[in-house]
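What follows is a set of notes on a single structure, which appears directly below.
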Amino acid sequence: MRKTRSLLLISAAMGLIVIIFLFTGAITTPPPSSSETYSLPVSVSASPACVRPPGFILIIANLSGFNDSVDRGAPLNPWPVIRVRQGDLVRLLVCNEDQTQAHGFAIQTYFDRGVALAPGEAVTIQFTATLPGTFIIYCNIFCTVHAFMVGRLIVSPNS
């Protein structure tokens, strides 16, 4: 009971840190100007297995967060960090390797609605990185490692 309470307090504190990062501007996204509009279509489909197809980035969700983000210091050090250029096609395979609980996956601005993955489930997510900036990758459903499931998508502008 005491260990569970400690884990919940740590998770709440880490969630607060993420919120502080958002409101202090440590992680920002530039808003589109009034003359620009962005179409951010995202393709999501079920994947039969957690085997990375060529050209895809593999994201593993489990009790270690996203790709071991717990051990890499998330949320203070968001992980994974995905770097692409504006106009690139971003292809992700997201796998929930946790056998006991669901995990979520969402990307600020690009995929805000996110997706919930049941234990053992995998999905592919594809979109074109049309908007430059730094965007938060996060778990969009509550789980025991929720506060540690924080990464970044960095879209560099075309020169």
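Here are a few things to note about the model shown:
- Built amide H within the under 5 Å cut-off of Ile82, gap 5+: Arg152, Leu153, Ile154
- As an equivalent ellipsoid, segment 116-159 spans semi-axes of 26, 14, 6 angstrom, where each value is the square root of five times an eigenvalue of the C-alpha gyration tensor, largest first.
- Per-residue packing, averaged as other Cβ atoms within 10 Å, sorts the ranges 73-80, 104-111 into the order 104-111, 73-80, beginning with the highest.
None of the figures in this text is laboratory data; all of them are computed from the coordinates on show. Since we're looking at a predicted model, the values are computed, not measured. Positions of Cβ are generated from backbone atoms using ideal geometry, with glycine treated the same way; all protein chains shown enter the neighbour counts.
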